[in-house]
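To keep things clear, I will list the structure first and then write my remarks on it.
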Amino acid sequence: MRNKQGSPGVVIIGAGHAGITAAALLRQQGWEAPITVVGEHLHLPYHRPPLSKGYLSSADGEPLALRPSEFYGSENIELIRGKRVCTIHPDRHEIRLADGSSLPYGALIVATGSHPRRLTLPGAELDGVANLHTMEDALGLRRLIGEGGGTKIAIVGAGYVGLEVAAAGLEHGVDVTVIERADRALGRVASAVLSSWLSRYHRDRGTQLLTDVDLEAIVPNDCGGVRALRLADGTEIECDGALVGVGVVPCDELARCAGIACDTAGVIVDSFARTSAPDIYAIGDVSSRPVPPYSGRYRLESIPSATEQAGQATAAILGHNAPKPETPWFWSDQFDVKIKIAGLLVDATKTIVRGDPAEDRFAVFHLTDDNTVRAIETVNSASEFMAGKKWIAQNIQLDGERISDLGVPLRNLVIEPAVP
């Protein structure tokens with residue numbers, strides 16, 4: 001697509017981190033034609049990760065805006081707020097909005113994100129049963145947590161969001177119970193080592209963490225709110241409110257209805273974020289993407305991934321070379337610890353711990369049979385995280401027998417290639 005005034009320009013569906021980053025990168029890298037961003041919410045686009053972290057603990061205020069309001073005017077980016085896109089027409093290079101209006105595009109970026117997975121059991125729609133996805137969701141939880149001592153919150157799902165909310169609640173004196181269907185916390189996304197440590201860390205601070213339990217129903221009170229969670233064995237967990245944190249699903253309905261190829265993880269894209277339809281790209285939580293050096297494709301729910309894909313789509317639209325692939329990484333702040341993870345827990349066959357989990361500072365290295373680093377999980381270990389992230393990108397092999405020895409400097413863990 002040519003970069004010139006008078007062309008239909010770029011239309012971006014979704015005003016989250018991925019969409020706004022793509023718009024900013026296009027302008028930074030010289031795109032001069034129109035850019036239009038269409039978002040469903042009326043709010044100025046804001047950062048979402050803090051909603052389950054610091055925002056819950058703050059007394060007031062709104063989430064931090066992704067860009068100040070004047071940015072959109074100064075960069076000549078049209079931001080359409082409070083409008084829903086109902087149809088993509090790839091053959092006409094056009095999208096149609098729910099109000100009946102339409103927008104032509106030269107290139108289209110689908111950055112529609114994801115939405116919380118819903119429970120399908122009795123009581124799931126009661127007042128007081130919340131998800132945590134938007135500012136409004138966070139405000140409701142913040143009010144409940146702010147009631148402090150005597151308040152009881154039940155959390156369904158021991159993933160990162162659920163545990164982050166649990167930590168925020170405990171810091172305000174709230175009684176928190178977390179229930180998890182799997183046999184351990186973070187079962188889909190973390191190693192048994194990290195899962196075991198974090199479960200212990202939470203329980204030591206007052207989280208009632210119940211694993212390997214099935215939720216049967218959410219029990220109403222006399223006012224139509226929540227009174228308790230009922231487990232399959234008949235146990236009732238009394239609560240004043242319940243948070244459902246059982247994962248998200250991609251908002252890929254627009255793409256599917258438009259005939260764009262999707263799989264179970266979302267909209268299928270390549271290393272340029274290109275979909276199966278000409279001039280249509282997908283980035284962020286909605287996309288199913290390749291992640292070198294790992295086989296297969298993945299939906300990565302992270303800000304770094306959204307930023308990387310925004311760069312990929314921008315490069316494709318501008319006709320630039322594909323950016324160098326980045327090592328995926330994730331983070332979580334809970335209580336006074338910082339958890340950082342680099343890489344994916346796939347293809348690895350060995351797990352080696354450096355440091356002592358009992359001291360709340362350690363790193364878990366995940367290696368292949370030939371000791372190539374594939375992932376690293378760290379707790380309060382910034383040096384190991386930075387080194388591991390770099391080694392994953394470089395396909396570095398380590399001396400597996402020395403990793404656990406804290407007396408060996410990190411640089412000495414690398415197996416130097418033989419000199420020809």
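The values are calculated or read from the model by the stated rules, or taken from the named source; none is laboratory data. This one's a predicted model, so the numbers in the text were calculated from it and none came from an experiment. A quick note on method: Cβ atoms are made from the backbone with ideal geometry, for glycine too, and the neighbour counts reach across all protein chains shown. Heavy atoms of the whole protein, side chains included, go into the accessibility calculation; ligands, DNA and RNA do not. Shrake-Rupley method; radii C 1.70, N 1.55, O 1.52, S 1.80 Å.
Can you name every residue in the stretch 138-167 that is open to solvent by 40 Å² or more (accessible area, probe 1.4 Å), over 24 Å from residue 216 (Cα atoms) and out of contact with any His (no Cβ under 7 Å at 6 or more places or on another chain)?
Residues of the stretch 138-167 that are open to solvent by 40 Å² or more (accessible area, probe 1.4 Å), as a first pass: 139, 143, 146-147, 149-150, 152, 160-161.
With over 24 Å from residue 216 (Cα atoms) added as a condition, the list becomes 139, 143, 146-147, 149-150.
Within the stretch 138-167, 139, 143, 147, 149, 150 qualify.
Regarding the stretch 307-327, can at least one residue be identified that is closer than 16 Å to residue 250 by Cβ and either among the hydroxyl-bearing types (Ser, Thr, Tyr) or in contact (Cβ under 8 Å) with a residue 24 or more places away in the chain (or both)?
Yes - at least one qualifying residue is present in the stretch 307-327.
Determine whether the stretch 36-56 contains at least one residue that is in contact with a helix residue (DSSP H, G or I) (Cβ under 6 Å, 6 or more places away or on another chain), of a type in the set (Lys, Arg) and under 26 Å from residue 131 (Cβ atoms).
Taking every residue of the stretch 36-56 in turn, at least one turns out to be in contact with a helix residue (DSSP H, G or I) (Cβ under 6 Å, 6 or more places away or on another chain), of a type in the set (Lys, Arg) and under 26 Å from residue 131 (Cβ atoms).
State all residues of the stretch 329-345 that are assigned to a loop (DSSP other than H, G, I, E, B), out of contact with any strand residue (DSSP E or B) (no Cβ under 7 Å at 6 or more places or on another chain) and open to solvent by less than 70 Å² (accessible area, probe 1.4 Å); if no residue qualifies, say none.
Listed by number, the list holds a single entry, 335.
Just name the residue that is farthest from residue 26 (Cα to Cα) out of those in the stretch 87-111 that are outside any strand (DSSP E or B) and among the hydrophobic types (A, V, I, L, M, F, W, C).
Looking only at the stretch 87-111, we keep the residues that are outside any strand (DSSP E or B), and these are 90-93, 98-101, 105-106, 111.
Those still in the list that are among the hydrophobic types (A, V, I, L, M, F, W, C) too: 98, 111.
Working: 98: 27, 111: 15 Å.
Among residues in the stretch 87-111 that are outside any strand (DSSP E or B) and among the hydrophobic types (A, V, I, L, M, F, W, C), the one farthest from residue 26 (Cα to Cα) is 98.
Does the stretch 191-221 hold any residues that are within 23 Å of residue 233 (Cα to Cα), open to solvent by less than 40 Å² (accessible area, probe 1.4 Å) and assigned to a helix (DSSP H, G or I), and which are they?
199
Tell me the residue from 376, 396, 392 that is in contact with a strand residue (DSSP E or B) (Cβ under 8 Å, 6 or more places away or on another chain), closer than 17 Å to residue 328 by Cβ, of a type in the set (Val, Ile, Thr) and in contact (Cβ under 8 Å) with a residue 60 or more places away in the chain, please.
So the residue among 376, 396, 392 that is in contact with a strand residue (DSSP E or B) (Cβ under 8 Å, 6 or more places away or on another chain), closer than 17 Å to residue 328 by Cβ, of a type in the set (Val, Ile, Thr) and in contact (Cβ under 8 Å) with a residue 60 or more places away in the chain is 392.
Tell me, which residue of the stretch 112-137 that is part of a strand (DSSP E or B) and either hydrophobic (A, V, I, L, M, F, W, C) or open to solvent by 20 Å² or more (accessible area, probe 1.4 Å) (or both) is nearest to residue 168 (Cα to Cα)? Reasoning before the result, please.
Of all residues in the stretch 112-137, those part of a strand (DSSP E or B) come to 114-116, 129-130.
From what's left, either hydrophobic (A, V, I, L, M, F, W, C) or open to solvent by 20 Å² or more (accessible area, probe 1.4 Å) (or both): 115, 129-130.
Numbers: 115: 22, 129: 18, 130: 16 Å.
Checking each candidate, the answer is 130.
Test of understanding: among 188, 184, which residue is in a loop (DSSP other than H, G, I, E, B), under 30 Å from residue 356 (Cα atoms), charged (D, E, K, R) and touching a helix residue (DSSP H, G or I) at 6+ places or on another chain (Cβ under 8 Å)?
Values: 188 fails: touching a helix residue (DSSP H, G or I) at 6+ places or on another chain (Cβ under 8 Å).
That would be 184, the only listed residue that is in a loop (DSSP other than H, G, I, E, B), under 30 Å from residue 356 (Cα atoms), charged (D, E, K, R) and touching a helix residue (DSSP H, G or I) at 6+ places or on another chain (Cβ under 8 Å).
When you go through (1) in contact with a strand residue (DSSP E or B) (Cβ under 6 Å, 6 or more places away or on another chain); (2) hydrophobic (A, V, I, L, M, F, W, C); (3) more than 18 Å from residue 53 (Cα to Cα); (4) assigned to a helix (DSSP H, G or I) one by one for residue 179, which number turns out not to apply?
With (1) in contact with a strand residue (DSSP E or B) (Cβ under 6 Å, 6 or more places away or on another chain); (2) hydrophobic (A, V, I, L, M, F, W, C); (3) more than 18 Å from residue 53 (Cα to Cα); (4) assigned to a helix (DSSP H, G or I) applied to residue 179, the lone miss is (4).
Exactly one condition in (1) more than 18 Å from the chain's Cα centre (by Cα); (2) open to solvent by 30 Å² or more (accessible area, probe 1.4 Å) is not met by residue 105; state its number.
Just one mismatch for residue 105, condition (2).
Condition first: assigned to a helix (DSSP H, G or I), surrounded by fewer than 22 Cβ atoms within 10 Å (Cβ to Cβ) and in contact with a helix residue (DSSP H, G or I) (Cβ under 9 Å, 6 or more places away or on another chain). Now tell me which residues in the stretch 282-310 satisfy that.
Scanning the stretch 282-310 gives 303, 307.
Please work out if residue 326 is assigned to a loop (DSSP other than H, G, I, E, B), acidic (Asp, Glu) and open to solvent by 10 Å² or more (accessible area, probe 1.4 Å).
Spelling it out, residue 326 is indeed assigned to a loop (DSSP other than H, G, I, E, B), acidic (Asp, Glu) and open to solvent by 10 Å² or more (accessible area, probe 1.4 Å).
Among the residues of the stretch 206-229, is there at least one that is in contact with a strand residue (DSSP E or B) (Cβ under 8 Å, 6 or more places away or on another chain) and closer than 30 Å to residue 321 by Cβ?
no
Being over 30 Å from residue 204 (Cβ atoms), of a type in the set (D, E, K, R), part of a strand (DSSP E or B) and at pLDDT 95 or above: is that true of residue 78 here?
Considered against the rule, which asks whether it is over 30 Å from residue 204 (Cβ atoms), of a type in the set (D, E, K, R), part of a strand (DSSP E or B) and at pLDDT 95 or above, residue 78 comes out as yes.
Can you name every residue in the stretch 138-176 that is in contact (Cβ under 8 Å) with a residue 40 or more places away in the chain, assigned to a strand (DSSP E or B) and out of contact with any Gly (no Cβ under 7 Å at 6 or more places or on another chain)?
152, 154
Tell me the residue from 315, 387, 375, 348 that is open to solvent by less than 60 Å² (accessible area, probe 1.4 Å), over 18 Å from residue 202 (Cβ atoms) and in a loop (DSSP other than H, G, I, E, B), please.
348
Looking only at the stretch 45-73, count every residue that is closer than 24 Å to residue 281 by Cβ and open to solvent by 40 Å² or more (accessible area, probe 1.4 Å) and tell me the total.
Qualifying residue count, the stretch 45-73: 3.
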